[in-house]
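The structure under discussion appears below in the form of structure tokens.
The values are calculated or read from the model by the stated rules, or taken from the named source; none is laboratory data. All of these numbers come straight from a predicted model, not from anything done at the bench. Positions of Cβ are backbone-derived with ideal geometry, glycine not excepted, and every protein chain shown enters the neighbour counts. For accessibility, only protein heavy atoms count, side chains too; no ligands or nucleic acids. Shrake-Rupley method; radii C 1.70, N 1.55, O 1.52, S 1.80 Å.
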Amino acid sequence: MLYGIIDIGSNTMRLAIYIINGQRMEMLMKKKELVGLAGYVQDGVMTKAGIARAAGVLKEFQAFLATFNITNVVAFTTAALRNATNSREAVAALEQQTGLTIRVISGEEEATYDFIGATHDLVEDDGLILDVGGGSTEIVAYSARQIAEKVSLPLGSLGLRTGCVAGILPTRLESVRMTEQAEAAVAVLTGFAGVEAPEVVGIGGTFKGAQALYNTVYKQPATNHRMDVRRLRSLITDFLCDDGITERMTIQLMTSVPDRMHTIIPGLIIADTLARRFHAKQIIYSDSGVREGFIYAEIMQKK
């Protein structure tokens, strides 16, 4: 049976088509639009322009689904709409304009779905999962394949960039400001006292982009899913704009992260801050995350 899963994220809106038969799932294709909803939040309020932009993309997704008679459609949203002070009104407006039922996933639910999706095919019983989104960051520590601690921080790559960066790429001073904000947010992780992880699992768009840029810069094969944490700081400092961007650097950015050039450095700063906090030496990118976790928990387990 075909399902359309719509993920209304803080940076990107995605439509993924899955075929689900019993306890088997396969993604057939994915469409995405870089909307940057978090950038439409002003003084905590999702603006009418943001609602209109999201509604337009949702209608495009619906037209695509209708073409192929895909009627099993699930839509959910995360930090950008969840954290807006007018969240209920904004979601209601989107539902009215599109006819969709949109589920607002809490930070704790998002962390749980991250865990379910990321660990489904992993063999390790213990570990740490990081999901740096556009408007929030989810952290999950697990032991014996059970969640030991989880948190959703109101810190994301697009939100951090919006508050600190004037251009496409940050300056050294802007990088310092972002690092200070990231460290302040991470400092409140009292529930993770004593948690250390030599290897952490990174999921979501930020880590996907970071892995692509890492592989390009360090001449790794596209199949490489590991990043040496010691190299993250170099990636950050090398792409600051103070000394100008060379042709080589431009090519690296445009070929690896064309849609994320404006958020990749803020995302890397959050990733680097978290990696240092948990004394990680390696980050392993996993392509399974919140959407897959949602499907496992809310669709497959309830059939």
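Brief remarks on what is shown
To keep it simple, each residue is scored yes or no on (1) buried (at least 18 other Cβ atoms within 10 Å of the Cβ); (2) of a type in the set (S, T, N, Q); (3) part of a strand (DSSP E or B).
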{"position": "ILE5", "(1), (2), (3)": "yes, no, yes"}
{"position": "MET13", "(1), (2), (3)": "yes, no, yes"}
{"position": "ALA52", "(1), (2), (3)": "no, no, no"}
{"position": "LEU58", "(1), (2), (3)": "yes, no, no"}
{"position": "GLN62", "(1), (2), (3)": "yes, yes, no"}
{"position": "THR71", "(1), (2), (3)": "no, yes, no"}
{"position": "ALA80", "(1), (2), (3)": "yes, no, no"}
{"position": "ALA93", "(1), (2), (3)": "no, no, no"}
{"position": "GLN97", "(1), (2), (3)": "no, yes, no"}
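- Qualifying residue in the range 84-91 (condition: surrounded by 18 or more Cβ atoms within 10 Å (Cβ to Cβ) and in contact with an Asp or Glu (Cβ under 7 Å, 6 or more places away or on another chain)): no
- Unmet requirement for PHE115, which otherwise passes all of (1) hydrophobic (A, V, I, L, M, F, W, C); (2) touching a residue at least 12 places away in the same chain (Cβ under 8 Å); (3) open to solvent by 30 Å² or more (accessible area, probe 1.4 Å): (3)
- Close contacts from the range 93-104, counting a first residue that is more than 9 Å from LEU58 (Cα to Cα) and a second that is among the β-branched types (Val, Ile, Thr) and open to solvent by 60 Å² or more (accessible area, probe 1.4 Å), with Cβ to Cβ under 8 Å and a gap of 6+ residues or different chains, come to GLU95/THR101.
- Residue within the range 183-192 that is among the charged types (D, E, K, R), out of contact with any Asp or Glu (no Cβ under 8 Å at 6 or more places or on another chain), open to solvent by less than 30 Å² (accessible area, probe 1.4 Å) and farther than 19 Å from GLN282 by Cα present: no
- Test: ASP242 is surrounded by fewer than 19 Cβ atoms within 10 Å (Cβ to Cβ), under 24 Å from GLY9 (Cβ atoms), in contact (Cβ under 8 Å) with a residue 60 or more places away in the chain and not hydroxyl-bearing (Ser, Thr, Tyr): no
- Test: residue in the range 203-210 that is open to solvent by less than 50 Å² (accessible area, probe 1.4 Å), under 25 Å from ASP7 (Cα atoms), of a type in the set (Ser, Thr, Tyr) and assigned to a helix (DSSP H, G or I): yes
- So LEU253, is it crowded, with 19+ Cβ neighbours inside 10 Å and either modelled with pLDDT of 95 or more or over 16 Å from SER157 (Cβ atoms) (or both): yes
- Residues in the range 258-277 that are surrounded by fewer than 20 Cβ atoms within 10 Å (Cβ to Cβ) and either acidic (Asp, Glu) or in contact with a helix residue (DSSP H, G or I) (Cβ under 9 Å, 6 or more places away or on another chain) (or both): ASP259, MET261, ARG276, ARG277.
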